[in-house]
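Enquirer: Here it is, the structure in full.
The values are calculated or read from the model by the stated rules, or taken from the named source; none is laboratory data. Here the structure is a predicted model, which is why all the values come from computation and not from measurement. Don't worry about glycine lacking a Cβ; one is built from the backbone with ideal geometry, like all the others, and counts go over all protein chains shown.
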Amino acid sequence: MEEKKIKTHSVGKGIVDSSWVLLTQTADTALVFKPQIHSGGVRGTLVKFKKERGQGWEQLIERSFISLDLHEGVKLDLNTESTRKLFDAIYGRDQIAKLGIKRGDQEYITAPANQVIIVDDKNKSEVLRQLIANNNSDDFWSLLKDSNPKLATHLAVGQIQADRVSVLNEFNNRLTKKYSETTGPDSWQKWIYAHTWIFGIQYLDPFEKTKINLSGSMPDYLFPTVDGFLDILEIKLPEDEVITSDSSHPGAYKWTPETNAALGQVVYYLCDVEHYRYELQEKIMKVYGIEVSIIKPRAFILIGNKEHWQKDKKEALRKMNHSLHGIEVLTYQDLLQRGTEIANMFSSLQ
């Protein structure tokens, strides 16, 4: 296994001990390389350890090669894997020597091909790019969390921010095209449920109706809140009209047939969710292991796009939403704005 982290500790002027390297091991013996690094390169000692039954590892008392008489000799076999480990250990530490010996306790991370790097604010982006490009991202994050927790947090937040900006860009692009409401892998329902963070940090991953096998009429997904309650979401198309002017009452608006149908549908859902609340709570606990309280669930209808609405129409939707009880009509533009605000929150943390 490739060595990922090298620690050093000063033992003298321009000399540091570094992490020991296990070259080979059996049930009761082990061969270890104990390296030192100095300004001229790498030196070290090969040490054999033994393990007695029921006891820990103990270094064997052996004579140094230098002390052997002319007629005496010692044979030390290294297999291919052990030889590679020894070579990698020496090569990596030689790179540290070339960087310059640093006093005190230091920590280094090895990149592919044993290139040694010190992670700091100046090179973090390039380090991350190289390691991820070479499929070492898991090792990088693990080591970075140990060696520099603040930098790890900073980079993690940056990655989340980049991912969410990418999702919002995709959302914007989807709004310029036409997708099915529920059919197919590119449907709005599939896409929305894959990115539910856009609705806000108050929601956990949604529950699928098909996994719970519910009685009654239920939406395809149920949204658990972080405080242990339940909401529902009904998805319609962004090209649907939400409200329209009422010709019989100048300045007034009314729900469109599409929104009216969605309102009737979620009222039906809300009634059934409350009616079967005990059965539903029990099945959610059994399938997902999450305890929820189904008390006065709320419903959201995602429909239409108010991007180009005039002020009076936006105000009318606000008033009409206020008249609803436990139901809110959201447009795709509202959802996009929510997602943008969440992404901006992460941007401010960087």
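Every residue, every condition in (1) out of contact with any helix residue (DSSP H, G or I) (no Cβ under 6 Å at 6 or more places or on another chain); (2) modelled with pLDDT under 90, yes or no:
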{"site": "Gln189", "(1), (2)": "yes, yes"}
{"site": "Leu204", "(1), (2)": "yes, yes"}
{"site": "Tyr221", "(1), (2)": "no, yes"}
{"site": "Tyr253", "(1), (2)": "no, no"}
{"site": "Thr256", "(1), (2)": "yes, no"}
{"site": "Asn260", "(1), (2)": "yes, no"}
{"site": "His275", "(1), (2)": "yes, yes"}
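Enquirer: Could you say which residue among Ile90, Ile96, Ile101 is part of a loop (DSSP other than H, G, I, E, B), surrounded by 15 or more Cβ atoms within 10 Å (Cβ to Cβ), modelled with pLDDT of 85 or more and not hydroxyl-bearing (Ser, Thr, Tyr)?
Expert: Ile101
Enquirer: Report every pair of residues separated by at least 6 positions or lying on different chains whose Cβ atoms are under 6 Å apart, first residue within the range 83-103 and under 13 Å from His38 (Cα atoms), second surrounded by fewer than 17 Cβ atoms within 10 Å (Cβ to Cβ).
Expert: Hits for this filter: Asp94/Gly41; Ala97/Gly41; Ile101/Gly14; Ile101/Ser39; Arg103/Ser10.
Enquirer: If Asn344 meets every condition in (1) farther than 30 Å from Lys178 by Cα; (2) assigned to a helix (DSSP H, G or I) apart from one, which number is that one?
Expert: So the condition that Asn344 fails would be (1).
Enquirer: If I ask for residues that are farther than 26 Å from Lys178 by Cβ and surrounded by 16 or more Cβ atoms within 10 Å (Cβ to Cβ), which ones from the range 284-320 would you list?
Expert: Hits for the range 284-320 are Ile284, Tyr288, Val292, Ile294, Pro297, Arg298, Ala316, Met320.
A quick yes/no check of all residues on (1) at pLDDT 95 or above; (2) of a type outside the set (D, E, K, R); (3) touching a Lys or Arg at 6+ places or on another chain (Cβ under 6 Å):
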| residue | (1), (2), (3) |
| --- | --- |
| Cys271 | no, yes, no |
| Glu291 | no, no, no |
| Ile294 | no, yes, yes |
| His308 | no, yes, no |
| Ser323 | no, yes, no |
| Gln337 | no, yes, no |
| Ile342 | no, yes, no |
| Ser348 | no, yes, no |
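Enquirer: Next question, about the same structure. What number of residues within the range 322-341 satisfy the criterion of being assigned to a helix (DSSP H, G or I) and either in contact (Cβ under 8 Å) with a residue 40 or more places away in the chain or over 35 Å from the mean Cα position of the chain (by Cα) (or both)? Don't jump to the end; show me each part of the working.
Expert: Residues of the range 322-341 assigned to a helix (DSSP H, G or I): 322, 332-341.
Keeping just the survivors that are either in contact (Cβ under 8 Å) with a residue 40 or more places away in the chain or over 35 Å from the mean Cα position of the chain (by Cα) (or both) gives 322, 332, 335-336, 338-340.
Residues that pass the stated criteria total 7.
Enquirer: Moving on. Could you check the range 161-213 and list, in sequence order, the residues that are of a type in the set (A, V, I, L, M, F, W, C) and over 17 Å from Asn344 (Cα atoms)? Steps first, please.
Expert: Residues of the range 161-213 that are of a type in the set (A, V, I, L, M, F, W, C), as a first pass: 162, 165, 167-168, 171, 175, 188, 191-192, 194, 197-199, 201, 204, 207, 212.
Those that are of a type in the set (A, V, I, L, M, F, W, C) and over 17 Å from Asn344 (Cα atoms): Leu175, Trp188, Trp191, Ile192, Ala194, Leu204, Phe207, Ile212.
Enquirer: Before we move on, is Asp227 out of contact with any Gly (no Cβ under 9 Å at 6 or more places or on another chain), surrounded by fewer than 19 Cβ atoms within 10 Å (Cβ to Cβ), assigned to a loop (DSSP other than H, G, I, E, B) and acidic (Asp, Glu)?
Expert: yes
Enquirer: Residues to consider are Ile201, Ile232; find the one that is within 29 Å of Trp309 (Cβ to Cβ), under 30 Å from the mean Cα position of the chain (by Cα) and surrounded by fewer than 18 Cβ atoms within 10 Å (Cβ to Cβ).
Expert: Ile201
Enquirer: Let me ask another. Look through Lys306, Lys319, Lys296 and report the one residue that is assigned to a helix (DSSP H, G or I) and assigned by TED's automatic domain parsing to the domain that holds Ser217.
Expert: Exactly one of Lys306, Lys319, Lys296 is assigned to a helix (DSSP H, G or I) and assigned by TED's automatic domain parsing to the domain that holds Ser217, namely Lys319.
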